[in-house]
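Here, each number is a calculation from the coordinates, and none is a lab measurement. Note that the coordinates shown come from a computational prediction; the quantities given were computed from them, not determined experimentally. Here Cβ is always computed from backbone atoms with ideal geometry, including for glycine, and neighbour counts include all displayed protein chains.
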Amino acid sequence: MSFDIEKIRSDFPALQQKMRGGHELVYFDNAATSQKPKSVIEAECDFYSHDNANIHRSAHELSARSTSMYEAARDAVLKFFKAGPDYCAVFTRGATEALNLTAQSWGRKNICSGDEILLTQMEHHANIVPWQIIAIERGAKINVAKIGPDGSLDMDDFKSKLSGKTKIVSVAHASNVLGTVNDIAEIGRLAHEAGALFCVDAAQSAPHMIDGISSSQPDFLAVSAHKCYGPTGIGALLAKKEILDSMPPYQCGGDMIESVSWNGTTFRQSPERFEAGTPNIAGAIGFHAAIKYVNSLDKAALHEHESRLLERLTSRLSQISGLKIFGTAKDKISTVSFACEGIHPNDISTLLDAQGIAIRTGHHCAEPLMDTLGVKSTCRASLAFYNTTEEVDYFADTLEREIALLS
Ligand code: PMP
C-alpha cells in the first residue's frame, strides 16, 4: 500500500472549498473534530435512504438489517482497538459520555470514603469533572500526577502518588493541548500492580492510530468517532465485560431491561444495559465506515507522513521569535500548542482565519493544565493525515507575517 495524499484529500469534500477572500481552506483544527470522508457521509445517507428502522425491536426485514449493521459496527470498533474477547463495546455519544458512564456507574458503586483516584495534570475536563463529582459524593481524594517541563508525564511523581488506596487511574493516552503521548502500557502495568483499575481517555490518540492500547490492558477505554473521521454524536466505551456486567445501569429506559413490573426491574447484561433508548444507529454505521476508511490506508506510511508534518511544523514555529511552544515531549501526536509574546491567542486565530487557516484558541477544556503552564489560553494547530507540508509552510509563513505586523 502507498500513501497518495492527493487521492486522500480528494476523499474529503470539506477540504475542497475556498474560504472568505478566495483562500484555500487549511484545516488545522483536527483535535476539535476531523473532517469526514465521502464514504462516511454516504454510509449515513444510504442507511437513511434504504435501511432505516429501529434496532433490536421489530421482527421485520428493515429492523433486521439495521440491527445487523449496528452490531457489525460494534464488532468493528472492538477489532479496530484490538480489544480481546473479554472486552465489550458500549456505544455512547462520545468520549465524554464514556467517561461519565465509567465514573457514575463504576465509580459510584466502587469508590468509597478514603479511596483515591489518580489523574494527571494534562487531563481534559471530561476526564476530571466526572471524577470530581464522584470523589465529592463518596468522600474520596483525587491525586494529580505532575508533568515535566517538556510536557511529558513525570513518572516518578506518578509512582509516588500511586498506592494501595488508589482505586482507579484515569489518564489521557494523548494530551489534546501538549500532544504528549503517554506510555499507557507502563502506566496500566503500574496501576494494575497497585490493585487499581485503569481507564484510558483515547479521544486524541485514536485518530492517529497510536498503538499501545491493547498492551495497556485498560479496564475502560473512551473514544469519540468524530475525531476519527466519523460522525459526531457517537463514540464508545470499551471495557472488560466482566466489569461492565457488575456495574449498575447509568441511564434507564427501553432496550436495557430484562423485565419490568411494579415490583421492580431486572436489567440486561452489557452492552445493552448501558444503551437505554434508541441509540444513534446511523452514527454507529458512520463510525463503521470511518473505521473501514482508515483501515484502507497504509498505517505505517500515515504515521511517517504525520511525523514529518509535526517535525516541519515544530521546526518552523521554533524559528519565529517571541513564539513559545507548549509541549516538546519525544513522543507526540501532530498537535502543537503555542503562544506569541504580547499577542492574544484570539487575535492570532482571527488573523489566520482571514487567510483561510482554521486553528483553535482557548483553554481547550483543560483549565487546570493552563494553570500549570501559567497561561489563560493558547493557540493550537492540530494536524491530520490529510494535511500537507505546503499547508504547514503556508501556515508558518502567514503566522510569521501577521506577528511581524502586530509587533
Ligand atoms: N478527552 C480529550 C483528551 C479530548 O480532547 C476530548 C475532546 N476535546 C474529550 C475527551 C471529549 O471528547 P468528546 O467531546 O468527543 O466527547
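Think of it as helices only: each DSSP H run of n ≥ 4 in the chain is worth -39500 (n - 2.57), and spread over all residues that comes to -10500 deg cm²/dmol at 222 nm. Placing a label point 7 Å from the Cα of E137 along the Cα-to-Cβ direction, the residues of segment 237-257 with a backbone N closer than 16 Å are 247-252.
Who wins for biggest fluctuation among G233, G212, G374 in a Gaussian network model of the chain, springs between alpha carbons below 10 Å? Taking springs between Cα atoms under 10 Å, the residue moving most is G374.
In the chain, the longest principal axis of the Cα atoms and the axis of helix 129-138 are about 40 degrees apart.
3J(HN,Hα) along segment 149-164, derived from phi through the Karplus expression 6.51 cos²θ - 1.76 cosθ + 1.60 where θ = phi - 60°, amounts to x, 8, x, 8, 6, 7, 5, 5, 5, 4, 5, 5, 9, 9, 8, x Hz, with x in place of Gly and Pro. Averaging 1/r over every pair of different alpha carbons in segment 180-304 and inverting the result gives a Kirkwood radius of 16.5 Å.
Segment 1-56 and segment 158-182 have their alpha-carbon centroids 33 Å apart. Length gained on full extension, H23 to K7, computed as 0.36 nm times the residue gap minus the Cα-Cα distance: 3.7 nm. GNM on the chain, alpha-carbon springs under 10 angstrom: the most fluctuating residue among S160, S63, S175 is S160.
Between L405, I213, N110, whose Cα lies farthest towards the positive end of the dipole of the chain when Lys and Arg beta carbons carry +1 and Asp and Glu beta carbons carry -1, centred on the Cα centre? So the residue we want is N110. The angle between the Cα long axis of helix 299-318 and the main principal axis of the chain comes to about 40°, on a 0 to 90 degree scale. Here the chain is treated as an ellipsoid with the same Cα gyration tensor; its semi-axes, largest first and in whole Å, are 36, 28, 17. Between S407 and E193, the contour length at 0.36 nm per residue exceeds the Cα-Cα span by 71.7 nm. Of the cross-linked pairs K241/K299; K7/K330; K109/K167; K7/K227; K82/K240; K161/K332, those separated by over 19 Å at the C-alpha level are K241/K299; K7/K330; K7/K227; K161/K332.
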